[in-house]
Amino acid sequence: MCSSVYNSLQMTTVLSVRLDARTKKRLDALAGRARRSKSFLAAEAITAFVEAESWQLDEIQAGLEELDADRGVAHTDVSTWLRSWGSSRERKAPRT
């Protein structure tokens, strides 16, 4: 099933959001140009933001857990590797 059809079949709920006047005016114009409702565009934007933010926070948490499990790479090893970039003696990336 195509994503847009699937999304339209999901249960939805109402969320009220306050926007500054300039942003609302720009959203109105964008909705008109895109031939979509302001609600559709706002929902798409919020969904994309939530997915990206969740991914980023999950990756940060995973990184912290790796460090807590002592599976990190020493700062000096990373610094040495980065300083070698572009030189004739470029090093391979350090591994845990």
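The table below lists the values:
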read-out: Test: T76 is exposed (fewer than 10 other Cβ atoms within 10 Å of the Cβ), within 22 Å of R95 (Cα to Cα), modelled with pLDDT of 95 or more and polar (S, T, N, Q); value: yes
read-out: From the options R36, R71, R22, residue that is touching a residue at least 24 places away in the same chain (Cβ under 8 Å) and out of contact with any Cys (no Cβ under 6 Å at 6 or more places or on another chain); value: R71
read-out: Set L57, L64: member being modelled with pLDDT of 95 or more, more than 11 Å from the chain's Cα centre (by Cα), hydrophobic (A, V, I, L, M, F, W, C) and on the phi < 0 side of the Ramachandran plot; value: L64
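The values are calculated or read from the model by the stated rules, or taken from the named source; none is laboratory data. Only a predicted model underlies this, so the values are computations on that prediction, with no experimental measurement involved. Because the Cβ atoms are built from the backbone with ideal geometry, glycine has one as well, and the counts that use them run over all protein chains shown.
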